[in-house]
1. Quick check on my link table: of Lys33/Lys329; Lys202/Lys264; Lys98/Lys202; Lys202/Lys329; Lys50/Lys203; Lys127/Lys203, which ones sit more than 29 Å apart, alpha carbon to alpha carbon?
2. For Tyr245, enumerate residues with amide H under 5 Å from its amide H, sequence gap 5+ or separate chain, H modeled in the peptide plane.
3. Ignoring ligands, DNA and RNA, what percent of the accessible area of segment 1-160 is carbon or sulfur (1.4 Å)?
4. Taking only protein heavy atoms and a 1.4 Å probe, what accessible area per residue, in Å², does segment 257-297 have with all protein chains in place?
5. Please determine, in degrees from 0 to 90 and to the nearest 10, the orientation of helix 146-155 with respect to the longest principal axis defined by the Cα atoms of the chain, where the helix direction is its Cα long axis.
6. Just the number, please: carbon plus sulfur as a percent of the accessible area of segment 184-329, 1.4 Å probe, no ligands or DNA/RNA counted.
7. Taking the Cβ-Cβ separation of Asn312 and Arg158 as r and a Förster radius of 41 Å, what is the calculated FRET efficiency to the nearest 0.05?
8. At most 13 other Cβ atoms within 10 Å plus a DSSP loop assignment makes a site exposed; report the longest stretch of the chain without any exposed chymotrypsin sites (Phe, Trp or Tyr not before Pro).
Amino acid sequence: MNGQSEKIDTCRTDACLRLFADEVAAGLSAIPKELPCKYLYDGEGSRLFKEIMELWEYYPTGCETEILERHKADIAAAVDSRAFNVVELGAGDGTKTKILLRHFLDAGLLFHYVPIDISESALEGLKEDLRREFNGLAVQTLATDYFEGLRWLAQSMRRMNLILFLGSNIGNFAPSESRMFLSSLWNASNDGDLVLIGFDLKKDLGTILRAYNDQLGVTARFNVNILRRINDELGGEFDLAGFEYYSTYNPRSGAMESFLISRKRQTVYIDLCGRAFSFAKWEPIHTESSYKFDKGQLSGLAPEHGFEEVANFYDSRSYFADALWRVRK
Ligand code: AVJ
């Protein structure tokens, strides 16, 4: 990644910085403390997440790649429209999506690709990649969060949409947020649209725990990076060595829960928040939840939100699922 793309994810407008500062202040004043996981993905965070996707411990990427390779023709067959949009929420570096794009192009389907991602540097890299690999593919990128993305979708031309929400990005939502998200998704789409949603499934705990506690410590660095970002963009004074990454599975909620834990009693001033925040020794900041699902939950979610189940695709170990739903209005 070049120097320029490391800069472009930082907030460049006052409004963006203000929101970031306000959300950090709210999260660090809450009991228990938390930080919104969307702020993990600045240029450096997106680079570290790409590194995570290449770790042997982080199985979701390989599983979903296998699913898309195996079922790309089934997905293409479900699209019964001559011209459509492939809209992707949280596209990231698009490595897995390229499997579908390649197949659709080879099958002679007529479509535009609209990747939406909070990380502008990830999108820039993706656009560059696509220009090289998929000559002539119509691509329109949108650097924004999911909710802005859905607003775009609602206003987009009335073409059929295939909406991709891969990688178990949905796992970052608590159940109530997930319901809200699926309702917004339904509201923003048209009758007959298709959605393909990736869900990480419940499985033996060792496998799940290893995926978030890799030996090289990339996931730890990915989490600590949010404090570095607060230092750089908000004038924070975090001592990065003063916090330890900890991630564990909560069998009641069915989620991996990740934290940064203060190793000592400390007070940290953040300039743009205009105040300092105190941490007790061993006090946690919750940085991310990654919910795991079972097959029953998957089948319940579709009808509850106005979708019709078309198919569930699994990898050979049933570690991961891509659910294909049709919007019914
Ligand atoms: C991008 C949200 C799917 O929760 O598994 C990976 C992010 N965090 N390792 C996940 C993540 C730590 C990832 N998602």
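The values are calculated or read from the model by the stated rules, or taken from the named source; none is laboratory data. Values in this document were obtained by computation on a predicted structure and should not be read as measured data. Neighbour counts are summed over all protein chains in view; Cβ atoms, including those assigned to glycine, are modelled from backbone coordinates with ideal geometry. Side chains are part of the model used for accessible areas, which takes the heavy atoms of the whole protein and leaves out ligands, DNA and RNA. Shrake-Rupley method; radii C 1.70, N 1.55, O 1.52, S 1.80 Å.
1. The answer is Lys33/Lys329; Lys202/Lys264; Lys202/Lys329; Lys127/Lys203.
2. Close amide H contacts, sequence-distant or interchain: Ile261.
3. After summing per-atom areas, the C and S share lands at 52 percent.
4. Accessible surface, normalised per residue, equals 49 Å².
5. 30
6. In segment 184-329, the share of accessible area belonging to carbon and sulfur is 49 percent.
7. It comes out at approximately 0.90.
8. Counting at most 13 other Cβ atoms within 10 Å as exposed, the longest clean stretch of the chain is 57-281.
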